[in-house]
1. Would you mind telling me the share, in percent, of accessible area of the stretch 1-40 contributed by carbon and sulfur at probe 1.4 angstrom?
2. Out of residues 5 or more away from Asn53 or on other chains, whose amide H comes under 5 Å of its own, with H placed 1.01 Å from N in the peptide plane?
3. For the chain, what does the convex hull of the Cα positions come to per residue, in cubic angstrom?
4. Picking from Tyr106, Tyr32, Tyr95, which is most flexible by a Gaussian network model of the chain using Cα springs under 10 Å?
5. Hey, any idea what the orientation-averaged projected area of the convex hull of the stretch 1-46's Cα atoms comes to, in nm²?
6. Which whole-Hz ³J(HN,Hα) couplings does the stretch 82-95 yield from phi under the Karplus relation 6.51 cos²θ - 1.76 cosθ + 1.60, θ = phi - 60°, glycine and proline marked x?
7. Within the stretch 1-44, find all residues whose amide N lies under 15 Å from a label point positioned 7 Å from the Cα of Thr58 along Cα-to-beta-carbon.
8. Under the definition of Cα pairs under 8 Å and six or more residues apart, what whole-number percent is the relative contact order of the chain?
Amino acid sequence: EVQLQASGGGLVQAGGSLRLSCTTSAFTFNDYVVGWFRQAPGKEREGVSYIDNRDGATWYVDSVKGRFTISSDSAKNTVYLRMNGLKPEDTAVYYCAAKLDVDPIYDYNFWGQGTLVTVSS
């Protein structure tokens, strides 16, 4: 069973930066797609970014392009999300998740606990 743990959240002022980490127990780490999601109070969960560890392909939701960067370290079985230029609207609980196929028809089937990011104005 694949296990994931998100960490690195905290309280920052607008314009600040944080780096989130997602550590995994996967022995075949390079076979997985790992994504970051967030859920703000009163809103639906949305996809933020993903990285396909098979080829390094990445995707970002429009609202974070140019500010967030996803990366992967196979030696540590860890995916990072560097968040720069944070805005109050980025405030949410951030979750990481994994799946074996990049095709969007397949749901993410492995989920970690969330880490809270709070951005003050």
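1. That fraction is 46 percent.
2. Tyr32, Val33, Val34
3. Measuring per residue, one finds 97 Å³ for the Cα hull of the chain.
4. Most flexible of the set in this elastic network: Tyr106.
5. Here the figure is 4.7 nm², rounded to one decimal.
6. Here the 3J(HN,Hα) series is 7, 10, 10, x, 5, 10, x, 6, 7, 4, 4, 8, 9, 10 Hz.
7. 18-22, 34-37
8. 35 percent
The values are calculated or read from the model by the stated rules, or taken from the named source; none is laboratory data. A quick note: this is a predicted structure, and the numbers were derived from the prediction, not measured. Cβ sites come from the backbone with ideal geometry, for glycine too, and all protein chains shown count toward neighbours. Just so you know, the surface numbers come from the protein's heavy atoms only, side chains and all, with ligands and any DNA or RNA stripped out. Shrake-Rupley method; radii C 1.70, N 1.55, O 1.52, S 1.80 Å.
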